[in-house]
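Take a look at the structure set out below.
The values are calculated or read from the model by the stated rules, or taken from the named source; none is laboratory data. Keep in mind that this is a model prediction, so the values were computed, not measured. Neighbour counts run over all protein chains shown; Cβ positions are idealised from the backbone, glycine included. These accessible areas exclude ligands, DNA and RNA; they are computed on the full protein's heavy atoms, side chains included. Shrake-Rupley method; radii C 1.70, N 1.55, O 1.52, S 1.80 Å.
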Amino acid sequence: MNDGFYFDLVDYSEVVNNTAGMYIVVCHLWEITDNKPEVKDSIILDEARTRVHALGMETTFIGLPGWQGRLNNPGVSLAWFFNNGFYVFEIDDDMMQS
């Protein structure tokens, strides 16, 4: 775990073969820079809302607004988000229950 948090920023290669887990999807990080931009396109954000609803994810706030939920096949479920500039955190279930 990084910095004592119970969630870690991941990239697609880290979740593509995972079978299940808890994830948070956000449209920007705490510091927006040229190499870590924010998803602002309203069409993309509307599609994201449709997709997270279909996945059964719920609104969450980790210092950033986002969506959180348990996904059975994150490699498939999260591919669109990675391809459209969203950031994904994997949640450590053990730390959440502590």
Note on region 26-46: residues without any contact (Cβ under 8 Å) to a residue 24 or more places away in the chain and part of a helix (DSSP H, G or I) are S42, I43, L45, D46
Go through region 1-42 and report how many residues are at pLDDT below 90, under 18 Å from E90 (Cβ atoms) and among the acidic types (D, E).
2
Residue tally, condition open to solvent by less than 70 Å² (accessible area, probe 1.4 Å) and within 15 Å of G85 (Cβ to Cβ), over region 12-36:
6
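Name the single residue, out of those in region 61-98 being small (G, A, S) and either open to solvent by less than 70 Å² (accessible area, probe 1.4 Å) or touching a Leu at 6+ places or on another chain (Cβ under 6 Å) (or both), that is modelled with the lowest pLDDT. Reasoning before the result, please.
Within region 61-98, the first condition is being small (G, A, S), and the residues that meet it are 63, 66, 69, 75, 77, 79, 85, 98.
Okay, now just the ones that are also either open to solvent by less than 70 Å² (accessible area, probe 1.4 Å) or touching a Leu at 6+ places or on another chain (Cβ under 6 Å) (or both), so 63, 66, 69, 75, 77, 79, 85.
Values: G63: 77, G66: 92, G69: 94, G75: 93, S77: 95, A79: 96, G85: 92.
Only one residue fits best here, namely G63.
Given the criterion surrounded by fewer than 18 Cβ atoms within 10 Å (Cβ to Cβ), acidic (D, E), modelled with pLDDT of 90 or more and in contact with a strand residue (DSSP E or B) (Cβ under 7 Å, 6 or more places away or on another chain), identify the matching residue among E58, E47. Spell out the reasoning first.
Working: E47 fails: in contact with a strand residue (DSSP E or B) (Cβ under 7 Å, 6 or more places away or on another chain).
Of E58, E47, the one residue that is surrounded by fewer than 18 Cβ atoms within 10 Å (Cβ to Cβ), acidic (D, E), modelled with pLDDT of 90 or more and in contact with a strand residue (DSSP E or B) (Cβ under 7 Å, 6 or more places away or on another chain) is E58.
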